Each structure stands twice: as structure tokens, then as C-alpha cells.
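The values are calculated or read from the model by the stated rules, or taken from the named source; none is laboratory data. On a predicted model such as this, the values are computed, not experimentally measured, just so you know. Heads up, the Cβs are rebuilt from the backbone with ideal geometry, glycines too, and the neighbour counts pull from every protein chain shown. Only protein heavy atoms, including side chains, enter the accessible area calculation; ligands, DNA and RNA are left aside. Shrake-Rupley method; radii C 1.70, N 1.55, O 1.52, S 1.80 Å.
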Amino acid sequence: MINPFDMVLFGGGGDLALRKLLPALYRAFREGSLVEGCRILPVCRRQSDVDQYIDTAHQALQKYLREGEYSASSWDQFSQLLCPIALDIAVPDSQWDHLAEILGSDSERVRIFYLAIPPAVFGPCCENLSVKGLITGNSRVVVEKPLGYNAQTSDEINSKIASYFPEDSIFRIDHYLGKETVQNLLALRFSNVLFEHLWDAKTIDHIQISISETVGLEGRAGFYDETGAMRDMVQNHLLQLLCLIAMESPNSMSAKNIRAEKIKVLEALRPLTGNLVDKNVVRGQYIAGQINGNDVPGYLDELDGGTSSTETFVAIRAHIDSWRWAGVPFYLRTGKRMEKRCAEIVVQYKNVSHHVYDESAGKVVPNRLVIRLQPEESIKLVLMAKKMDSLTTELQPAELNLTLSDTYDSFRSDAYKRLMLDAAANNPALFIHRDEVAAAWAWVDPIIEHWRETANQPQPYPAGSWGPEGAEKLLSRSDRHWFNAQ
């Protein structure tokens, strides 16, 4: 049982808070995970935003909750937990005293400071929390990734936060790690002898990790054009999923042991520098096209014209130099304005060493494990089997499919809900350690630096496609292909 806590949502009126955090907290309330006495303190910049915050939050829940989740009676009760306040984060004036007044002097009560704000103001926010004496032994700070623009700026931000909070009180959030299917991946790997002996270079041909989006800039033009897909998606989401796929079995499922194994994976990633970047990395930028039959503009059109070499797509062939993964390529791919929205991990096994059936039985397709994280969450294993409606021996791929939403009638996965409750319970297992962030940037930075030095330009790809031609060639050169979401 989680003890009563105060959660201060800096950026409480922003898109992240209204679209993700409040619905997640509402779900936690409805399922009984928020005990009596919990309070949610959304921080807004202006008093006018505070005055209408309850109405704003009400509209956001009605808009972003899934069908059937909203309940007027539950909202009436949940809204009693909301205590919005006006506060200019960067200015240490009397508004901070008002926050201190609300929080009170109980040093034993858990305080969670969720920084749903730009990383540039993480430091000033933490400093003012410290100056006003609001950081107690039971305080935690939750920060969103990506942290910084490169290794140097990331280290500066982390150092600033660390000057006010100890490492075990800093919760760096990556919402992909809170998805139930990701947790099921760990259970699948470490609780089944069936996979324990089938998880290395002897049996696996290659692994693909793809996160595709159909949306474009969505009002984030300024942020995204400075960031790009490599910093926004590869440096955190894709590399974190890679770690969970490739890590060795920890001694236990404690945060310390899980993080130690993930760091080993990041440190074993073969560096990509110089010409190796050109051979193993493809970057793209979408041009005008069609998605679901609708015309959509190109990236430069969304920027209101002009020029930009920012990538909206990245595909990478990576290798992990360890005994387990020697010679196994890991293909990472992410892009905006793709044909379908999907996050998927595909473990492609090698073909059988000897074909006992002749050609008349049909082609033998290698086994494949597909772990889908969104839009639905499922785990699928593709096996070869005999057609049951044929007297002759005809082989065909058959699927063993675990669709979590079908298997569990009440299944409602919400990564943010899980992670916020974990922060409240002081469980850091699904959060990112500072050393992981540093190791990820150390691998990504040389790629970005090579692009800058060579004035590398992204390859164009039509919106509604699966990316530029170079991404397909990245696999086809070794007689492989992408498994695009169906």
C-alpha cells in the first residue's frame, strides 16, 4: 500500500500533464491506488489559469480518457484531490512561500516533484525548492527525457539536479519502460527455460526494434527542429528497449541489479564513428504524402518553409560486442509520418539447419517472436505447422498470440500511471540511472558529430511510407528485410 503523498506537477497546465499525467492519476484513483490524503498540486504560471484549472482538467479527462473510463461521480471525487497554484518557477518570490504553506512542515510525508517542464528550467526549479526548504528526506523528483542536447549538456543538467537531490531520489522517466508488455518481456526471458537457451547468437539471426509514428510536428516545431529523431527517440526509448532485450539475467529484479546489467549493454555497443556511420546509419526527412487517404504536408512545409537538415527518421545497424550477441545485428528504426503507428520488437530466429520436407510442402519460414508495445500490447510467436485442412503435407506459418487486452478483460495498460505510482512507492527499478544516460549519449554523440562534420543531409521519404530507400538497403545488403507492422 502506498502511503499518502503530495505530487507537485510543475507544468501542470501543459500538454503532457493534461494529456497523460492527469488521466493516469485519475485511473490510479479509480482503481484505489491513491489512498485517502493524497493531493495533486498542478503548478500554473498565471492566476487566471489556476482560476479555470478545474474546468480545464475536466475537459482534458473527457477528451483523453478511453471510452467508458470517464465517470461523473469519480470525477467529482478526484477533483477534490486537485489543488492548483500559481507560481513562476524561475523566480524565488512569495509564490514559493505559498507552496511551502500548502505542503506544510511534515517532513515524513512523501513529496513528489514532477518536472513536466523544459530541461532548461530543471536547475532553477530544484534550486528554488532547496532555497525554500521544500526538499525533505522523503522528497523525490521526476524528470522527463531526453535530458540535454548532448553528453555535455546532459551532464550539466544532471549535476545541477544532483546538487539538490541524491541519486536515489531522482527518477528519470522513460514511459516505454512502464508498458506492461515491456515488463512481460522480462518475465518471458527470465522465467521460461524455453527462451533461456534460445536467446543468443547460436539461435537468433537478428533483432529489430521499431517505433513509428503517423503524426508530424504537432506544435513542437521549435523543439523538434533543434532535437531530431536521434536525440528525441534513439538516445532514450530505442536504446532502453535494446538494453532490456540484450541484458544478461540480473541476480534479482532490484533496481540496482537491473541498472547494472543495462549499463553493461550500453558499454558493449560497438562505437559508430567516421565512415562506420555512413555504412550503418540512415537518416531521413519526410516530404508531402498521404496517410490514411489524407494529404499531409512535408516537414519543411510544417516549418513554414525554409531549409532544415533535421532528421525525422533514423535507421541504425548496431552490434553488441559480447559473447552472447557476437555477430547478431540489432536494427533500430524510428520515424515520423510513417505508414502506421506502432512500437514493436521482432526477434528473428535462424532457419532450421536441415530441411526434411521437400519443396512441395512449401517454404519454411524461420521462427519469429514479435513483442508489440503499441497501439495494442501483445506477444506473438510465429511457428511452422501443417495445414490442418489438407490431407497432403503442406506447411504454413502459425501464430501463438497473447493479446493482453483480449486475455484480460479489465486490462488497461498505462505506463505513466505505473511509473508515477512507482515513484510514490520509492521503487526506481523502471527509471533511468545517471550512468545509463551518460553511456547512451557517449554512443549517440559521435554519430551526430559525424553528420555535422560531413554536412550529411537526410534522405527524403514520402509521408505515409516506411522511410527512405536507404533504410531498406541497410537490411537487404545482408538478405534481410524490415517486418513492417500489419
Rounding to the nearest 20 debye, state how big the charge dipole of the stretch 79-199 is about its Cα centre with +1 on each Lys and Arg Cβ and -1 on each Asp and Glu Cβ. 300 debye
Pairs on different chains or at least eight residues apart, Cα atoms closer than 27 Å: how many lysine pairs in the stretch 345-484 fit? 11
Dipole axis of the chain (+1 Lys, Arg; -1 Asp, Glu on Cβ), positive-most option in S378, V444, F5: S378
Counting all Cα-Cα pairs in the stretch 220-348, those more than 22 Å apart amount in percent to 47 percent
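Send over a whole-number figure in Å² for the accessible area per residue of the stretch 25-167, probe 1.4 Å. List each step's numbers first, then the result.
Numbers: 6720 Å² over 143 residues.
Ligands and nucleic acids excluded, the figure is 47 Å² per residue.
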Would you mind telling me the share, in percent, of accessible area of the chain contributed by carbon and sulfur at probe 1.4 angstrom? 49 percent
Which order do the peptides 9-19, 136-146 come out in when sorted by mean C-beta neighbours inside 10 angstrom, highest first? 9-19, 136-146
Towards the positive end of the charge dipole of the stretch 239-297, with charges on Cβ (+1 Lys, Arg; -1 Asp, Glu), say which of Y286, P297, N257 has the farthest Cα. N257
Only Lys, Arg, Asp and Glu count, each charged at its Cβ (+1, +1, -1, -1), so figure out the dipole size of the chain about its Cα centre, rounded to 20 debye. 980 debye
Kindly rank 418-431, 260-273, 330-343 from highest to lowest mean number of other beta carbons found within 10 Å of each residue. 330-343, 418-431, 260-273
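How big is D, in µm² s⁻¹, for the chain by Stokes-Einstein at 4 °C and 1.567 mPa s if Rh is the Kirkwood radius over C-alpha pairs?
This corresponds to a translational diffusion coefficient of 53 µm²/s.
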What's the ranking of 108-116, 227-235, 62-70, 294-302 by average number of surrounding C-beta atoms within 10 Å, highest first? 227-235, 108-116, 294-302, 62-70
List K350, K132, ordered by accessible area with a 1.4 Å probe, largest first: K350, K132
Taking only the alpha carbons of the stretch 287-339, what extent do you get along each of the three principal axes, in Å, biggest first? 49, 27, 9
What does the charge dipole of the stretch 38-146 about its Cα centre add up to, to the nearest 20 debye, if the Cβ of each Lys and Arg holds +1 and the Cβ of each Asp and Glu holds -1? 300 debye
Which value in deg cm²/dmol, rounded to the nearest 500, describes the helix-derived mean residue ellipticity at 222 nm for the chain, given -39,500 (n - 2.57) per DSSP H run of n ≥ 4 and division by the residue count? -9500 deg cm²/dmol
Suppose the Debye formula is applied to equal point scatterers at every Cα of the stretch 416-486; what is log10 I(q)/I(0) at q = 0.13 Å⁻¹? -0.77
Quick check on the stretch 15-96: take the gyration tensor over C-alpha atoms, sort the square-rooted eigenvalues as a ≥ b ≥ c, and tell me if it's rounded (a/c under 1.5), prolate or oblate. prolate
